[in-house]
1. Check off (1) buried (at least 24 other Cβ atoms within 10 Å of the Cβ); (2) assigned to a loop (DSSP other than H, G, I, E, B); (3) within 11 Å of ligand 3 (Cβ to nearest atom) for A:Gly134 and give me the number that stays unchecked.
2. So which of B:Leu244, B:Leu228 ends up being open to solvent by less than 50 Å² (accessible area, probe 1.4 Å) and without any contact (Cβ under 8 Å) to a residue 40 or more places away in the chain?
3. Using the structure shown, decide if A:Gln79 is of a type outside the set (Asp, Glu) and away from ligand 3 (no atom under 16 Å from the Cβ).
4. Report yes if some residue within segment B:152-166 is in a helix (DSSP H, G or I) and open to solvent by 10 Å² or more (accessible area, probe 1.4 Å); otherwise report no.
5. Out of segment A:12-55, which residues are in a strand (DSSP E or B) and within 16 Å of ligand 3 (Cβ to nearest atom)?
6. Taking segment A:106-129 on its own, how many of its residues are within 13 Å of ligand 3 (Cβ to nearest atom) and over 19 Å from A:Arg82 (Cα atoms)?
Amino acid sequence: MTIVFTLNDREVTWEIEPTETLLQALRRNGLVGAKEGCDTASCGVCTVLLDNKPVPSCAVPAARVDGHTVTTVEGVQDQARRIGEAMAAEGADQCGYCTPGLVMSLVAMEKELDQPDDEQIRSYLAGNMCRCSGYTSQMRAVRKYLGGGR
Amino acid sequence: MTKQLYLKPRSAAEAAALLAEHRRAVIIGGGAYVRLGSRRIDVAVDLYDAGLDYVRRTPNGLELGAMATFRMLETAPELQDYADGILVRCVERIVGVQVRNITTVGGTLFGRYGFSNLITALLALDAEVALHHAGRMPLGDFLATKPDSCDLLTAVFLPDQVWRASWQDMTRTVNDYAVLNVAAARCGDQARVVVGARPGRGVRCPEAEAALLAGDADGAAEVAASTLEFGNDVRAGGDYRRELCRTLVARATAEVLA
Ligand SMILES: Cc1cc2nc3c(=O)[nH]c(=O)nc-3n(C[C@H](O)[C@H](O)[C@H](O)COP(=O)(O)OP(=O)(O)OC[C@H]3O[C@@H](n4cnc5c(N)ncnc54)[C@H](O)[C@@H]3O)c2cc1C
Ligand code: FES
Ligand code: FES
C-alpha cells in the first residue's frame, strides 16, 4: 500500500506492506538511525517522533503514519552531534547502540519540559535502556547538553 | 502478524461501519499488544485518525476518548487534581514516555488485563464505558461480559464527584508490571477499595469499603487480605500478594482518611 507522510520535514511517498512496523519501513528505506533492540516496545532504542511525540517505532504500524509527521535521528543532526559530544566527553558513549533512541527522547523532552530537574529527566528517559553506561555518566552528559543549550 | 488490509476510519461511526463490513477485522488502539500477539490479521481497523484521542470536561464530569493515551492522562490539566490525581499516579511509571504515548484507554479496557493499573483505578472511581453497539454501562459490568470483538469502545465517563483517593502499587523493579495494585476512594457516604494484579483483574472489596466508611484503615486491610483471592505467577506467589494486599490497602485507606 502507498503512504504519504512528512519525514524529517520533507513529504515522502512510500510503498509499504500493511504488516510492516514503522521501524522496518524506515530501515528498509535506508534510515538506519533507529535501531532494533527488544522489538517488544520495552527498550527505547527504536524511538522516533510521531507527530512530535516519542514513540517506539517497533510497535507503530507503518500504515498508521500515513498523513502524519515522523522525525528520526537523521532529521535532527545538529542536536544529535551536540548530544553525542556531551556523551563522549562524559564517557557515556560506549557501544553507542542506545544513543540514537536517547537523542530522540532528549529532543522531545527539550520541547516538552522547561528546565527539568534530575527527577523529571530520569522519569522522561526511563524508557531508554542502556546496557553499558549504568546511566550515571549519561545523566552527566544530559545535564551538560541541556546546560550548554541555554 | 499478517495484516492484509489496513483501514484508518475518520470517526467512530466509520470505524463501526468497517467492523460490520469486515467481520474478522481487528481494532488497533495503541497497537502495543496487538503487535505482540501472534494472531493473523486480515483486516486492521486503526483508530488513530478517528478523533477519539481526547480528555475533556462534560457537564456531568469528565470524558476520556478511547484513543486517549496514557501520556495524555498523565499530562491532562483536567486530571491533575481529579480524585487526587489518581489517574496520573496509576500510569506515570508504566515503562517509559514512548510506550505511554501509544498505549490507549480503549485498548487497555478492551483487553481486560489482570495486571492493569488503569482498570483498578477506574473501578474505584465508578467509571462508565460507552460502546458503539452495546451502549453505556458501568465499567464493572463491561468487564464481566465476554468481549465482543465486533463492538467498539468509544469513551470512558467519570462522574462529577470530589473523590479523596489514593493509588498504591508494588513493582519488583521500577517500570515493571505491578505485583499488586490498589486504589481506594471516598466521597461522602461512598467508599471504594479495589485490588488488582492479584494476578487476576482488579475487583472491588465491599467488606473493605465498609471498613473504610467506618474510618478503620487496619480493618479494611485485614478484611481485604482475608476475603480476596490471590494467585501465583512469574512475579510473585499468592501468599506474598496477600501480605502485600494488607500493607497496600492499609496505606491507601489511611491516606484517604487523612
Ligand atoms: C512493554 C509494555 C509494558 C507494559 N507495562 C504495563 C504495566 O506495567 N502496567 C500496566 O497497567 N500496563 C502495562 N502495559 C499495557 C498497556 O498499558 C496497555 O494496556 C496495552 O498495551 C494495551 O493497550 P493498547 O492501546 O496498546 O491496545 P491494543 O494493543 O491496540 O489493543 C488491545 C486489544 O483491545 C482491542 N481494542 C483496542 N482498542 C479498542 C477499542 N477502542 N474498542 C474495542 N477494542 C479495542 C484490540 O483489538 C486488542 O484486542 C504494557 C505494555 C507494553 C507494550
Ligand atoms: S526495539 Fe522498539 S522498544 Fe526495543
Ligand atoms: S552505550 Fe551501549 S547500550 Fe548504551
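1. (1)
2. On the way: B:Leu244 fails: without any contact (Cβ under 8 Å) to a residue 40 or more places away in the chain.
On inspection, the qualifying residue turns out to be B:Leu228.
3. Details: of a type outside the set (Asp, Glu): yes; away from ligand 3 (no atom under 16 Å from the Cβ): yes.
It is true that A:Gln79 is of a type outside the set (Asp, Glu) and away from ligand 3 (no atom under 16 Å from the Cβ).
4. First, pick out the residues of segment B:152-166 that are in a helix (DSSP H, G or I): none.
Scanning segment B:152-166 turns up no residue that is in a helix (DSSP H, G or I) and open to solvent by 10 Å² or more (accessible area, probe 1.4 Å).
5. Residues of segment A:12-55 that are in a strand (DSSP E or B), as a first pass: A:12-15, A:21, A:47-50, A:53-55.
Selection gives A:Thr47 alone.
6. Taking segment A:106-129 as the starting set, the residues that turn out to be within 13 Å of ligand 3 (Cβ to nearest atom) are A:125, A:128-129.
Restricting the remaining residues to those that are over 19 Å from A:Arg82 (Cα atoms) gives A:129.
Total satisfying the criteria: 1.
Quick grid of which residues meet (1) open to solvent by 40 Å² or more (accessible area, probe 1.4 Å); (2) of a type in the set (Phe, Trp, Tyr); (3) within 16 Å of the chain's Cα centre (by Cα); (4) within 25 Å of B:Leu248 (Cα to Cα):
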| site | (1), (2), (3), (4) |
| --- | --- |
| B:Gly96 | no, no, no, yes |
| B:Gly106 | no, no, yes, no |
| B:Glu128 | yes, no, yes, no |
| B:Leu131 | no, no, yes, no |
| B:Pro138 | yes, no, yes, no |
| B:Ser149 | yes, no, no, no |
| B:Met170 | yes, no, no, yes |
| B:Val182 | no, no, yes, yes |
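Okay, residues lined up against (1) away from ligand 1 (no atom under 16 Å from the Cβ); (2) not in a loop (DSSP other than H, G, I, E, B):
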| position | (1), (2) |
| --- | --- |
| A:Tyr97 | yes, no |
| A:Lys111 | yes, yes |
| A:Asp114 | yes, no |
| A:Asn128 | no, no |
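The values are calculated or read from the model by the stated rules, or taken from the named source; none is laboratory data. Small disclaimer: the values here were computed from a predicted structure and weren't measured. Glycine also receives a Cβ, built like all others from the backbone with ideal geometry; neighbour counts cover every protein chain displayed. What goes into the accessible areas is simple: the full protein's heavy atoms, side chains included, and nothing from ligands, DNA or RNA. Shrake-Rupley method; radii C 1.70, N 1.55, O 1.52, S 1.80 Å.
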